[in-house]
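Single-structure report; data block below.
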Amino acid sequence: MGGVFSPVRALLLIIFAFAALGVLNVMLLIFLQRKRQFGVLKAVGAEDRELQIMLLLEGLLMALAGVASGLLLAAGMVYTLNRFTLDRYVLRPVAVLVGLLLALLVFYFGAWLPVNLLRRATVDQLLRNRRLV
């Protein structure tokens, strides 16, 4: 029972939840600030799929920048730990891959709501900045 409910796993779950909420917040803010722009694009003939891809690509570029900065910080921490301690730490490719997969998973959960709101919104709702349901 200690392995399943270990403090490390609980901490990782909390970190994952806060990261997903942060991404959701940023994606919703991007969407809400650009509702009228999306409405104009829809009014002139842009399809929902194109607008969704545009929103997802913008968020994905931010997520990749976050992953890159996180990997640089991790490499710096490993270098610093190796320099000031007797233990030797290595940033393994598996850890980098797991971090990248977790970042993509967090991005998926954070982007799901804004993309679905954009898909269901009408031109009138977007142009008049009305509440989306």
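The values are calculated or read from the model by the stated rules, or taken from the named source; none is laboratory data. Just so we're clear, the structure is a prediction, and the values are computed from it rather than from any experiment. Here the Cβ is made from the backbone with ideal geometry for all residues, glycine too, and neighbour counts use every protein chain on show. Ligands, DNA and RNA are stripped out before the accessible areas are found, and what is left, the full protein with its side chains, is counted by its heavy atoms. Shrake-Rupley method; radii C 1.70, N 1.55, O 1.52, S 1.80 Å.
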- For region 38-67, what are the residues that are farther than 19 Å from Met27 by Cα and either open to solvent by 40 Å² or more (accessible area, probe 1.4 Å) or in contact with an Asp or Glu (Cβ under 6 Å, 6 or more places away or on another chain) (or both)? Val40, Ala43, Val44, Gly45, Glu47
- Message: Please count how many residues of region 27-48 are free of Cβ contacts under 8 Å to residues at least 60 places away in the same chain and either in contact with a Pro (Cβ under 7 Å, 6 or more places away or on another chain) or charged (D, E, K, R) (or both).
- Response: 2
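Please tell me if Tyr108 is touching a Leu at 6+ places or on another chain (Cβ under 9 Å) and among the aromatic types (Phe, Trp, Tyr). Step through it out loud before you land on a result.
Details: touching a Leu at 6+ places or on another chain (Cβ under 9 Å): no; among the aromatic types (Phe, Trp, Tyr): yes.
In short, no.
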- Task: Please indicate, with yes or no, whether at least one residue in region 12-26 is without any contact (Cβ under 8 Å) to a residue 12 or more places away in the chain and surrounded by 15 or more Cβ atoms within 10 Å (Cβ to Cβ).
- Result: no
- Task: Determine whether region 84-98 contains at least one residue that is open to solvent by less than 50 Å² (accessible area, probe 1.4 Å), touching a Leu at 6+ places or on another chain (Cβ under 9 Å) and modelled with pLDDT under 90.
- Result: yes
- Item | Neighbours by Cβ (under 6 Å, 6+ apart or cross-chain): first from region 112-124, among the small types (Gly, Ala, Ser); second open to solvent by less than 50 Å² (accessible area, probe 1.4 Å) and not in a helix (DSSP H, G or I) | Ala121/Leu132
- Query: Restricting attention to region 114-129, and to residues there that are of a type outside the set (Lys, Arg) and loosely packed, with under 12 Cβ neighbours inside 10 Å, which single residue is nearest to Gly22 (Cα to Cα)?
  - Reply: Asn129
